[in-house]
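Below is one structure, written out as structure tokens; the observations come after it.
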Amino acid sequence: MCGRENPAELEVCQFCQARLKPLNLSLPAEDEAPQTADGIQPQEEASEPEPLIVDWLRDMRDEEETSSSSPEDLEGNGEEQPLDWLDGIRLDEESDSESGPGTENEDDFPGGETEPVEEEPEWLERIRSRKAEDWAEAEVVEEASEPLPDLFEEGEEDVPVTGSSAEQLPDWLADIHLGEGMDLQDEQETPADIAEPAPEPGQEPVIESTEAHDETVVDMASSEATGPGSAPSLEAKRDEELPEEGGMPAWYDEFRPEEPAEDLEIEDAETDADLTPAQIPVWLEGVRPVESVAPSPPLRDETERKVESSGPLAGLRGVLPAEMELSHLEKPLAYPAKIQATENQSKYADLLRSFLEEEGRPRPLGGTSSHPSQAPLRWVIAAVLFLAILWSLISGSNPAPLPPFPQESQAVHRLISAIPAEAKVLLAFDYDPGLSPEMDATAAAVVDHLMLRGAHLTLISTLQAGPLVAERFITRIQDAHGYQKNEQYVNLGFIPGGAAGLLSLAESPARTVPFTLDSVRAWESGTTQSLPPLQGIRTLEDFSMVVVIADQGDLARAWIEQVAPSLDGEDGQTPMVMVVSAQAEPLVRPYYQGNPPQIQGLVSGLRGGAGYASLTGRESLPNLYWPAFGTGLVVATLLVVGGGAFNLSSGWLANRKNRDGEER
Amino acid sequence: MPLTLADLVGAVLSFFLTLMVFSYILGDNPFFRFAIYLFIGVASGYAAVVTIYNVILPNLVVPLFSPNREQQLIALIPLVLSLLFLTKIFPFTARWGNPSMAYLVGVAAAVAIGGAALGTLFPQITASTNLLNLGLLQQIDENLTLQLINGSLILLGTLTTLAYFHFSVRTVADEPTARPAWIDWLAGIGRIFIAVTFGFVFAGVYAAALTALVERLHFMVTLVSLFLTALVPS
């Protein structure tokens, strides 16, 4: 049914479950089938299957038989190879057809009894006649196609359709196309005469399907109804052809002469030579396939004409075309590539595209407002300062009085005044040469006071340029006191390591700085004595005072953190005094103003040095710079105030202009 | 003190070098660069000489060659560490100097942290708490009211400055991330104290620079007058 290829040993199609091999009826040996002179009626009234089934089944069997080993296999037992009897039936049909139709005997049918044929309605007869004409044409075409195998033809020859049987075939049976070799028309038996066998009472109606036919084989075997060309029909035909027990039909003998004649167990072995077309009962007519009554030629004709040329079923006739679906292939529809979008969607897409294009487009740079150069302003400010200071230095017309000494400077003065004569004072010069003008002016009065007291100074520094600065300070600025190196003062040079060096100095000064700047052993050793400024000095506590001159707050803080804690001795704390730059004063003042204070005195900036100079009453360096320094402070103050006022006013005017512009 | 030739040459050089530095008012120029490069070179050279003669020789070389065995052994430690530190010059041997670098960093960090804690943090905290100590204030024998006001201002400035640098916030759902309102108020006051401090520092820097300017101009005026006096007979 499905047209697919199945193995030969299968009886049922593995795809559509259609019956491939007819059911093997439990019949006596075919040899026992009585032979009749008339042969088995190819058509019976009780036969149900239609010629369509007969043909495809025949074709399949042909193919199987051709693929089988030898024709002798076909002569096997009828039970083992049911195709044998089928072929025999075909042959018998052919013989019957040759002999002429209408040779059927009703007694040949298994049923033995024939129902009274109902008279067909007129319209049905018309249909059958028309169909017979169509099939006659189809048979002509089919005859022009490849011939059937010899075996089949031989078998067909052995199955003649007698004229008497053909004449007696019912119309429906006559309509059935028997194919080559079974052309009942030649035997005066039209397909219309090949009517479906009238079912016996109680029998199931004929259903045009392989399965139904297979199912009805058993029924048919027990009934008179047999179909031409079908397994059950042949089976039944075989049974029918057995007129008597022990007798074999003629066609069977012709086909298998070697086989002993076996009487087929045919219930009704009557052969009705004068078989008249059976009248299809009403109920049968109801279940009759439409194709059989349809005015149009049945599909079976086309399939039978067409021989499959490809696939596993090549060569078979009546096979459903495998390329049926393929022939309906059409060119795939060409879908439009353009996106179908609505107007709004297109508008949004265009908008998005414009945004993206704008992102990649470089924006033109706006005109930057040209700022006026700051150089002229810088020149003006410098010129004003230079002129003011030079005028103050050159003219000396505005001698500003020295400022009052601050409290922290007074504390330093008090401490220095309290040291004994030739006291040992540690003097640290921790400032760079770049700030030496201010630091020299700030520390000049303090060092001058110390030198006036006759203190022995020990110079030291944590900066690499400090010893040079210290040496210059003592020899150039304080040259009036005439201090001698290594006599009144000693320069121990540079302390490496920063804060770690100060901590080392606090723990052991002799080990930290064993030599002076001139590479002279400064401290007491086994062979030499220490220098006079360092005599009796083992630790920092032995100094009478520690004066730190620093220009940066970090350096001053390092001295306070590392050295100040070690100055507490049994005899009291050795005072530590700071002489710092004006920029370091904010960082150092908390150490003086704290309670308890960590430093005992503070002199900061030129103002502090000038104030200390007023305490000593000695002309010193601060006195030279103070008037010009004051003028510079005044000019700077005026410049800062004037510039701030100008900035505020310009900002206010600009905001006002913007506000007016927004209001407009 | 009589002026010698060396002093005169030095003075003239100082005069022109000062003019070169002043030329920066007109902008960056080769004269200014020359003066700066000369200063850096001289300072570096002097620093190197001081380091060699004041540090390496007395603290490393002399102990190595001293007859004292103990000093020799002790001197080996800085010698080895110094040689390892020199390997930092080359990239493929730089890792050998890591022990020396680690020793330096460790010692510097320890000294700095210890000094900051014991020398600044604890004493300053104690001093801040003593600002409002009436017993101690009475011992100073000064205006007690003024001292209290001074102490209160210092305390207020300290707290508000610390509040200004408080940047941790607590995140709350559906609310903007911001500091509490009272911390913002204190931070605003602290901002005032910080601004005053920065202004004070700027004034000190300007004062130091002004003093240097005055000193240099005074030097130049003095030298010019000296030359004029020498050239122009009175």
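Read the figures in this text as sums done on the coordinates, not as results from a lab. Treat the numbers as computed from the prediction; the structure is a model and nothing was measured. Neighbour counts are summed over all protein chains in view; Cβ atoms, including those assigned to glycine, are modelled from backbone coordinates with ideal geometry.
Exposure proxy shown here: for B:Phe200, B:Phe65, the number of other Cβ atoms within 10 Å sets the order, fewest to most, as B:Phe65, B:Phe200. In this simple spin-label approximation, B:Ala230 and A:Ser649 carry label points 7 Å from Cα along the Cα→Cβ vector, and these lie 5.0 nm apart. Take each residue in B:32-44, count the other chain C-beta atoms within 10 Å of its C-beta, and the mean is 1. Exposure proxy shown here: for A:Thr442, A:Thr516, B:Thr177, B:Thr129, the number of other Cβ atoms within 10 Å sets the order, fewest to most, as B:Thr177, B:Thr129, A:Thr516, A:Thr442. Peptide packing for A:411-418, A:337-344 was compared via the average number of neighbouring C-beta atoms within 10 Å per residue; ordered from the highest value, the list is A:411-418, A:337-344. Using Cβ point charges alone (K and R +1, D and E -1), the dipole size of segment B:84-234 about the Cα centre works out to roughly 580 debye. Annotation: peptides A:497-503, A:621-627, ranked by per-residue average of other Cβ atoms within 10 Å with the highest first, follow the order A:621-627, A:497-503.
When only the Cβ of Lys, Arg, Asp and Glu is charged (+1, +1, -1, -1), the dipole of segment A:405-512 relative to its Cα centre reaches about 240 debye.
For A:Asn595, the amide hydrogen comes within under 5 Å of the amide hydrogens of B:Ala127, counting only partners 5 or more places away or on other chains and with H modelled in the peptide plane. Put simply, the convex hull of the Cα atoms in segment A:362-509 casts, on average, a shadow of 17.1 nm².
Per residue of A:432-444, how many C-beta atoms from partner chains lie within 10 Å of its own C-beta, taken as a mean? It would help to have the intermediate numbers written out before the result.
Values: counts 1, 4, 4, 4, 2, 10, 8, 3, 2, 4, 2, 0, 0.
Per residue, the average neighbour count from other chains is 3.
Across the options A:Gly497, A:His481, A:Ala465, the greatest Cα extent toward the positive end of the charge dipole of segment A:433-497 (unit charges at beta carbon of Lys, Arg, Asp, Glu) belongs to A:Gly497. Each of B:Ser152, B:Ile113, B:Phe219 was scored by the projection of its Cα onto the charge dipole of chain B, and the greatest displacement toward the positive side belongs to B:Ile113; charges sit on the C-beta of Lys, Arg, Asp and Glu.
Report, in whole Å, the centroid distance computed from the Cα atoms of segment A:407-432 and segment B:160-217. Each part's Cα centre sits 35 Å from the other's.
Sorting A:Thr512, B:Thr87, A:Thr637 by the number of Cβ atoms found within 10 Å of their own Cβ, with the fewest placed first, yields A:Thr637, B:Thr87, A:Thr512. Neighbouring Cβ atoms from other chains, within 10 Å of the Cβ of residues in A:497-507, number 3 on average.
Given a cut-off of under 8 Å on Cα pairs at least six residues apart, what relative contact order in percent is computed for segment A:475-630? Relative contact order comes out at 16 percent.
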